[in-house]
Amino acid sequence: MGCRQLWASRAVSYLRISVSHRPFSNVVKDLKYADSHEWVKVDGNSATVGITDHAQDHLGDVVYVELPEVGATVTQGDSFGAVESVKATSDVNSPVSGKVIEVNQELNTSPALLSFVANYVNSSPYNDGWIIKVELSDSGELNNLMDSEKYSKFCEEEDSH
């Protein structure tokens, strides 16, 4: 085997090992997850909602986030806004029903925050990268959502298809 062929063989071997899809390690235990890749963090009668790290990883760099108005009503499973990335535009569905009591205005000025925090800071998509806060109208709906373990398995199965 010539020197050039040996180098090429080693390069291919190295690339095969080092070029892999980023694992979706950012699944936080104390949250609930929808199969449309939104998360919800409940505090009393208030719920904070965002898109998961897995979702933003598939979207790529976010360039625009469409936010609802404060006071708007959201319904579990229905769209309340959209996230536009360099790859696609995706609806964002509410994992819970209720009234919007706050929106993350930071996303209007810096939509890339959604991607940045998920890619570079361990649990920030679940802190700084939230989208809306909702006053829950039916806390029983939380039973329709997945816990972190089920959501991780759901993502693995979805990615394998």
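For this structure, a couple of remarks:
- Whichever lysines have a C-alpha closer than 26 Å to that of LYS99, once near sequence neighbours (fewer than 8 apart) are set aside: LYS29, LYS32, LYS41, LYS133
- Taken one residue at a time, the phi angles of the range 102-112 give Karplus couplings (6.51, -1.76, 1.60, θ = phi - 60°) of 6, 10, 7, 5, 4, 6, 5, 8, 9, x, 5 Hz. Gly and Pro are set to x.
- Counting other Cβ atoms within 10 Å as a rough exposure proxy, the listed residues PHE80, PHE154 run PHE154, PHE80 from fewest neighbours to most.
- Counting only aspartates and glutamates at least 8 places from LYS153 when in the same chain, those with an alpha carbon closer than 17 Å to its own are ASP30, ASP35, GLU38, ASP53, ASP57.
- Convex hull of the range 37-160 built on C-alpha atoms - directionally averaged projected area, nm²: 7.2
- Residue-by-residue Karplus 3J(HN,Hα) for the range 154-161, coefficients 6.51, -1.76, 1.60, Hz, glycine and proline x: 4, 5, 4, 5, 5, 6, 7, 8
- Per-residue Karplus couplings for the range 85-93, computed as 6.51 cos²θ - 1.76 cosθ + 1.60 with θ equal to phi - 60°, are listed in order as 10, 5, 9, 6, 10, 10, 5, 10, 9 Hz, Gly and Pro entered as x.
Each reported figure results from applying straightforward, stated rules to the coordinates on display, with no laboratory input. Not measured: the values here are computed from a predicted model. Note: ideal-geometry Cβ built from the backbone for every residue, glycine included; neighbour counts use all protein chains shown.
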